[in-house]
Every structure is written in structure tokens, then in C-alpha cells.
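Laboratory data are not the source of any read-out in this text; all were calculated from the coordinates shown. These figures come from a predicted structure and were not determined experimentally. Cβ sites come from the backbone with ideal geometry, for glycine too, and all protein chains shown count toward neighbours.
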Amino acid sequence: MFKINRKLTAYKIVGKTFGAWLAPLITGFLLFLMKLIVSAFLFIDKVFFRVARKPNLKKPIVIVGNPRSGTTFLQRYLINSGLGTGSQLWQLIYPSIILQKIIKPLLPILEKISPARHHSTAAHKTSLTSIETDDVGLFFRYFDGFFLYGFLFAFAEKDFFTFFDPKQRDTSKRDFDWFESVWARNTHSNDKPYIGKLFSLSTNLPAFQKRFPDSKILYMIRDPLNVIPSGLSLVTGVLDKRFGFWSLENNIRAKYINRLYSALVILLKRFHDDWVNDRIDKSRVMVVRYDRMMSDFETLMDDIFLFTNHEPSAALIDEIKNTAENQRSYKSKHKYDLSKFGLSEEKIKKDCKSIYETFLTE
């Protein structure tokens, strides 16, 4: 596998694609400074907290699935219902226990310069204090992962997808060690399990199960005709807000969208391949269909409680009934024009045929 300087390559991509040469230098310096500060406080944590020296993570629950498949709703609902603890965006960026105590009073100020300000709220509200995907923390720590590919490297003249594919370049030890360290820190003050969300695990779930043998996985699946254009809209919306994506030349947009589309399909098909070939321990995975979450929320939650060995309170059961009514009456306001992304219903159904046959048959 070839090696690349990710920071230098990203700088050239931003400059050539968006004509921005100065701002990335400033952003890069701030990220470097932030990483130095975080690293120093992570070291200091080890002096005062045993969990920082020897992470003791018990029975994590991880939600896996493509972006816009319902993973955010489910993660936030389970955490708000008291099933476990997750990480807010600022905790993923600043994972040190001591540093978090210092930064917490400053969050209203930091919100003004937060990367979340570029996030489209049409999909779901995001802020520094929102529960977010743990893939973000990996991006800020190592400037690596599918976030880096999806938001920047997919614009490059050369397609760098294989560089981020765990089958070609396996960084799972580094990544899983990091997740364990962060998750253990963020649950050190309570005995609840950690509830994470990692869409990137779709490509590498067998390795994760081997590393965390007591983990439970909730895999979200949604009709590709909905999830793929919604995912494309989410990412391009952020890029448009920050860089003016839809004002780029047609050939640049088309190349980027084609690569992002392919990556989203690969996420679906890689999990499917591991599933049908029994590389995944299915006893520790519960497949959750998006349509069931919307139409049959009460019984779905009963199944999740059974799967995670959680005993719900009477108050939570009542809350679930209210949520179920809202779910059944919910009508999405998002309408996606497939032609805007150079796609058609026939193409998506053909590319995702195996997904429909395995997970989305009645």
C-alpha cells in the first residue's frame, strides 16, 4: 500500500478544488495546536485517573449503519432514555477528562467557531453539545478515516479510496485502542455502558467484534433509495455551506458525487458480504430496519431492551408509547431529486440488489 502525507495532500486538494490556499493553513495550524494541547492533557489524565492508564470498558453498545439510516435518532434516544452514555461532539474533540472540566464553561464561545456550524440542520441538529458519531473523534485525532475521504480526498485527481479501505490499509488496532480510551474516559464517572455510533464499522465489523468480544451491535438498515440520496445531500450540504459545492464545475461535482456514491454503496455491501458469509457473530448483532423504527417503535424497543438486557422503567415505557405515536405520524420533509446526483432508481436498485434481497424483503 502506498503512503501519502495526508495533511499536505488535503491542503493541495482544497487549494486546487476550491481556490482556498490561506484558510487551510490557518485551520491546519489550529488543528495542530489543538492536538498538542489534547495530547498533553491525555498524558496528565494518566497521572490522576486509573481509567486513563488502564481503560476498563464494559459491554459497549455500538450503532452501525450508513449515514441517514436512522442511526443518530436511535443513538440519541437510547442515551436520553438512560440505557447508556455517549459522547457529545466537544467531548470527542477534547477527550481528556481534565481538559473537559476546563473547556466546559467555554462552550458558548467555542460554538461560534465549531465545525458543526457548517452542518446542515435539515438532516438533524448538530452542535458541540449534540451526541455525535465517534468517527468524528478519529478524524480530529489522526486526521484520517472515512470522514477525511468523504469530505476531502474524494475530490482528488487520483481516487484514494483504497488508502482508507481497511482491507487495503488496516488501522484497526490504532483506531480501536483510541475508541476504547475515549469511551472508557467518558464513562468513568458512571456504571452505564457506552453507546457509540460508527458508520465506518460497516466495513470492518468482524475485527471490531474480535477486539470487543462483549460488545452488542445495532445495525441500522434503510431502503437505499432513501438512504443514499439523503447521505449525498447531507455531505454536499456541508460542503456547499463551507465551500460553495454546487458552484463548482460540473465535471468536478460529478467526479466527487460518483466517488461518494460508490463509497456509500461499499459500506452497505461490505457489511452484507461479512453477514452472509458468517464472518460476523450474529448472536451479538441486532438488525434494525428503519421502516420498523418508524411504524412499530414500541415492539422494536422491546426487542432492543431484550437484546441489551435492559429493564425499562414505567416512565420510559410511557415515553416510548408517545414517541411511537409521533413516529407513525411523521412525514419527512426531505425530497431528493436523484437526477441532481446523476442517479436513477434503476441504478440504485441494481447496485444494491443484494441488500434488498437479504435485509429488505417483507
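Observations on the model:
- Taking amide H as placed 1.01 Å from N in the peptide plane, the amide H of residue 130 sits under 5 Å from that of 89, 90, each at least 5 places away or on another chain.
- Dipole-positive endmost among 212, 164, 230 within the chain (Cβ charges, Cα centre): 164
- Cβ-based charge dipole, the stretch 172-308, positive-most Cα from 250, 262, 179: 250
- Theoretical gain in end-to-end length, residue 302 to residue 316 [0.36 nm per residue, Cα-Cα removed]: 3.9 nm
- In the elastic network of the chain, a GNM with C-alpha springs shorter than 10 Å, the most mobile of 69, 96, 344 is 344.
- Over the chain, dividing the summed -39,500 (n - 2.57) contributions of all DSSP H runs of at least 4 residues by the number of residues returns a 222 nm mean residue ellipticity of -17000 deg cm²/dmol.
- Mean Cα-pair separation over length for the chain, i.e. relative contact order, pairs under 8 Å, 6 or more apart, %: 23 percent
- Reachable lysines from residue 173, criterion Cα separation under 17 angstrom, eight or more residues apart if same chain: 54, 210
- Distance in nm between pseudo-label sites at residue 43 and residue 29 (7 Å out along the Cβ direction from Cα): 2.3 nm
- Percent of beta bridges antiparallel (DSSP, the chain, rounded to nearest 5): 5 percent
- Between 265, 235, 276, the GNM of the chain built on Cα springs shorter than 10 angstrom shows 276 fluctuating the most.
- Scanning the chain for DSSP H helices at least 18 Å long along the axis (C-alpha atoms) with a Kyte-Doolittle mean no lower than 1.6 picks out 23-48.
- Spatial separation of Cα centroids for the stretch 206-231 and the stretch 2-75, in angstrom: 21 Å
- Positive-end extreme of charge dipole, the chain - chosen from 293, 75, 33 (charges on Cβ): 33
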